[in-house]
Amino acid sequence: MAERSHLLGLDVGGTKIAAVVADGSGEILAKIRRPTPAALGPDGIVAEMTDMLAEVAATVSIAPLDAAALGVSFGGPYDPVRGVVRDIPNLPDWGGVPLYALLADALPGVGLAIDNDANAAALAEWRFGAGQGADHMLYLTMGTGIGGGIVSEGRLYRGLRNAGGEVGHTVLVPDGAECGCGHRGCLEAYASGPAIARRAIEKIEAGEGDAFRAVLRDAGVALPDLRAEQIVEAARDGVKFAMDHLAETAFYMGWGIANAVSILAPEVVVLGTVATAAGDMFMEPLRRHVVDMAMPGVGEATRVEPAGLGDLVGDYAAIALAADVLGS
Ligand SMILES: [Zn+2]
């Protein structure tokens with residue numbers, strides 16, 4: 001039998017599942033991707049997962065049972081104490097599914113760790129990305145939502161109900177914009193990808209941003225379809241409205257991060273998605289706002305960096321969980 005050193009990973013989202021295999025150091029050797037067969041329900045999806053693991057493991061001439069560990073980065077809320085999935089909107093029928101037991105039964109003797117994608121991504125940036133070597137790290141995405149994870153002394157800080165690190169739902173603006181969580185004024189309602197687009201649309205509808213509107217017209221983008229990426233691209237091209245809008249976003253995000261920095265005093269804050277795409281023109285003002293608003297003495301000492309893993313974060317998230325099981 002092959003030496004049990006390979007790590008397997010599954011990155012499970014509402015629309016697609018990726019399966020990866022890595023060597024013992026975490027270097028990814030192969031990857032396959034399939035659409036999530038949501039209509040099959042949990043049993044069908046678990047069968048698809050094990051089938052994908054067999055296929056990806058075969059690329060390095062092993063069976064899944066020969067792997068040292070499997071990590072599963074799950075795109076929804078997961079309870080690691082009970083090993084079950086909580087109710088999630090984007091994968092119907094998953095509430096209460098004992099994912100840990102199902103996969104452990106399918107792969108006896110293989111180490112197994114499952115966590116939500118934000119925690120898993122935090123671990124990945126700490127182990128393989130921009131947070132390497134940090135004793136205390138806060139990771140935040142600026143994607144569909146503002147997901148977050150905290151790694152402290154090499155371990156995830158999970159908090160009650162695995163809900164620690166949800167900086168996106170700290171309230172910035174009393175009675176402010178509506179948030180997906182049901183509250184108002186959360187950071188996520190100002191600085192997630194959809195919130196960045198919504199704020200821009202509101203300004204344009206109020207008559208601002210003629211030049212940016214012309215850019216969108218030329219690109220054939222209707223205003224309701226505007227995405228944060230298009231604003232970042234226009235800002236990179238020097239369109240003033242887009243640059244100002246990103247600067248305002250850096251203010252909101254910097255404010256939210258400053259609050260978190262005052263509580264956690266992390267060595268480094270790692271920011272994914274929009275922050276990575278926008279680069280220095282976003283990160284520089286954001287860093288100034290963090291220094292201005294965090295507790296004096298702490299904000300200056302905290303590094304704020306773009307994520308290091310880019311589009312590969314999901315793959316490494318799963319592998320980071322697998323490596324974590326082994327304590328390596
Ligand atoms: Zn919220």
>> I'm checking a number: the convex hull volume of the Cα atoms of the chain, normalised per residue, in Å³. What is it?
In response: 137 Å³
> Any idea of the accessible area per residue across the chain, 1.4 Å probe, to the nearest Å²?
Replying inline: 44 Å²
> Under a straight-distance cross-link criterion of Cα-Cα below 14 Å, which aspartates and glutamates are reachable from K240, leaving out those fewer than 8 residues away in the same chain?
Replying inline: E208, D210, E248
>> Under a crude label model (7 Å from the Cα following the beta-carbon direction), how far is D51 from D135 in nanometres?
In response: 4.9 nm
> What 222 nm value per residue comes from the helices of the chain, counting each DSSP H run with n ≥ 4 as -39,500 (n - 2.57) and dividing by all residues, nearest 500 deg cm²/dmol?
Replying inline: -12500 deg cm²/dmol
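Please label the shape of segment 84-126 as rounded, prolate or oblate, based on the square roots a ≥ b ≥ c of the eigenvalues of the alpha-carbon gyration tensor (a/c under 1.5 means rounded; beyond that, a/b larger than b/c means prolate, else oblate). Working shown, then result.
Values: a/c = 3.25, a/b = 1.02, b/c = 3.18.
Oblate.
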> Tell me, how many Å apart are the Cα centres for segment 160-176 and for segment 223-290?
Replying inline: 18 Å
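Checking a compactness column here: for segment 136-308, what do you get for Rg(Cα) / (2.2 N^0.38 Å), N being the number of residues? Don't jump to the answer; show the numbers that get you there.
Details: Rg = 16.2 Å, N = 173, 2.2 N^0.38 = 15.6 Å.
In units of the 2.2 N^0.38 Å rule of thumb, it is 1.04.
Using a probe of 1.4 angstrom, how much of the accessible area of segment 1-95 is carbon and sulfur, in percent? Could the numbers behind the result be given before it?
Values: 2150 of 4100 Å².
Of all accessible area on segment 1-95, carbon and sulfur atoms account for 52 percent.
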> Which distance in Å, rounded to a whole number, links the C-alpha centroids of segment 6-53 and segment 90-136?
Replying inline: 12 Å
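The values are calculated or read from the model by the stated rules, or taken from the named source; none is laboratory data. These numbers were taken from a predicted model, which means no experiment stands behind them. We place every Cβ from the backbone using ideal geometry, glycine too, and count neighbours over all the protein chains shown. What goes into the accessible areas is simple: the full protein's heavy atoms, side chains included, and nothing from ligands, DNA or RNA. Shrake-Rupley method; radii C 1.70, N 1.55, O 1.52, S 1.80 Å.
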